[in-house]
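What follows is a single structure, written as structure tokens, with notes after it.
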Amino acid sequence: MKTNPQHLLVSRALAASVLLLAGLAHATTANAELQSAELSRDGQALNIRWQAPATVDVYLADTPDAPAAKRKLISKADADGVHRLELKTDARPYVWLQPKQGEGQWVAERVLPLQGGRNFRDMGGYETVDGRRVAWGKIYRSGNMANFTDADYDYLRSLDIAVMCDLRSPQEREFEPTQWQRIDPALQYLAWEQPLMEARRAEVDGDGPSLADMMRKGPVTDPELTREAFKHNYRHGAYEFKQQYTAVFDQLAQGKAPLAFNCSAGKDRTGRIAALLLSALGVPREVVVADYAMSDDVVDFEKAFAAPASNSNTQKRESPFRAMMEQWSPEARAVLLSSEPEFIEAMFEQIEKDYGSVENFLERELGVDDAKLAQLKARYLEG
């Protein structure tokens, strides 16, 4: 059940439209012949769709940077803008679309097909303001990773993840541990203690309601008060997690990728750093916001948090978060479990109020200066 369903319906439709049309944002560039492209899974098949005024050759590859010699032609001079590909292996597929004129484009699955994963998404494919694209298969965002199946671990091993940044608290990690060694014992796993909490909260939007204070007072029933408190949380969240967010930027700038970062839901702590990363790479704000809002369509959070933990280490323990949330009204809980665009917009609004721009915040608080920004763009943008 969602609070203010009409608002969320409009937000979701807007988010979907922005992401679908993101490829049209720069139709006057050299890639004008391929105006948009998307890929969706249907069981053991992929549906590939694109818009182009001329025919397109469709290629399949095992990596998102495979040279032409390593790409397999699966459809020649395809004119109808649609191709269905029946998958024969469990390896992650990447598709190269080559129009008759202009530059080609990689396309892949945004949401990874993990049986026990939560909100595990590839941040690649988004077009930047200068006409380049975020590389696929380099940066991943996710929620809780404690419930992966054996098949999920097999799939994740094929991604060659080098670094995993766990943004959760020590208590969350203890309750639902990430078995990262099963992905790769050599993987670098980073986790932290609690962030810089109360000191910053008094400095930012001091008159606003505090989500932490509300939780301490007992069950919450007012959805509008919850919404304002959650926006307040977003206003100071980027600063509070600056140690963790700095590390994510540093690892990526050093070329330690593929990299994955996660929290519990994969929408709040994870959503903020994802928004900052996409902004740093030059992805337009409306697309950044739409990527944030996508979590509502990817996960049924009410169902996810109501389900008992399936991890063998935690089967007999009740989640403290779940126990607390059960005391909230359904309307207030729905707000906390949502990814309404106004939450991430509140973060940007506060950053721009305090620092003048996202770029200034990145440099002054996260150490992302011009040199590091150039490194990030060189490593994670194509075109």
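Take the stretch 364-383 and flag every residue that is part of a helix (DSSP H, G or I) and not acidic (Asp, Glu). Reasoning before the result, please.
Start the filter on the stretch 364-383 by keeping residues that are part of a helix (DSSP H, G or I), which leaves 364-366, 370-380.
If the condition is that a residue be part of a helix (DSSP H, G or I) and not acidic (Asp, Glu), then Arg364, Leu366, Ala371, Lys372, Leu373, Ala374, Gln375, Leu376, Lys377, Ala378, Arg379, Tyr380 are the ones that fit.
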Which numbered condition Thr89 fails, given (1) open to solvent by 70 Å² or more (accessible area, probe 1.4 Å); (2) over 25 Å from Pro113 (Cα atoms); (3) hydroxyl-bearing (Ser, Thr, Tyr)
(2)
What are the pairs, 6+ residues apart or on separate chains, where a residue within the stretch 212-223 that is part of a helix (DSSP H, G or I) has its Cβ under 6 Å from a residue that is at pLDDT 75 or above and crowded, with 16+ Cβ neighbours inside 10 Å?
Met214/Val220; Met214/Ala229; Pro223/Glu331; Pro223/Ala332; Pro223/Val335
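Find the helices (runs of 4 or more DSSP H) located wholly in the stretch 247-306 whose residues include 3 or more that are more than 24 Å from Ala191 (Cβ to Cβ) and modelled with pLDDT of 95 or more, and list them.
285-293
Conditions (1) assigned to a loop (DSSP other than H, G, I, E, B); (2) in contact with a strand residue (DSSP E or B) (Cβ under 7 Å, 6 or more places away or on another chain); (3) over 24 Å from Ile161 (Cβ atoms); (4) open to solvent by 10 Å² or more (accessible area, probe 1.4 Å), marked per residue:
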| position | (1), (2), (3), (4) |
| --- | --- |
| Leu46 | no, yes, no, no |
| Lys76 | no, yes, yes, yes |
| Leu85 | no, yes, yes, yes |
| Leu97 | no, yes, yes, no |
Every residue in the stretch 162-175 that is closer than 24 Å to Met123 by Cα and buried (at least 19 other Cβ atoms within 10 Å of the Cβ), please.
Val163, Met164, Cys165, Asp166, Leu167, Arg168
In this structure, is Ala229 in contact with a Ser or Thr (Cβ under 7 Å, 6 or more places away or on another chain), open to solvent by less than 30 Å² (accessible area, probe 1.4 Å) and without any contact (Cβ under 8 Å) to a residue 24 or more places away in the chain?
yes
Would you be able to say whether some residue in the stretch 156-165 is in a loop (DSSP other than H, G, I, E, B), closer than 30 Å to Pro284 by Cα and modelled with pLDDT under 95?
no
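The values are calculated or read from the model by the stated rules, or taken from the named source; none is laboratory data. What you are looking at is a predicted structure, and each value in this text was computed from that prediction instead of being measured. Heads up, the Cβs are rebuilt from the backbone with ideal geometry, glycines too, and the neighbour counts pull from every protein chain shown. Only protein heavy atoms, including side chains, enter the accessible area calculation; ligands, DNA and RNA are left aside. Shrake-Rupley method; radii C 1.70, N 1.55, O 1.52, S 1.80 Å.
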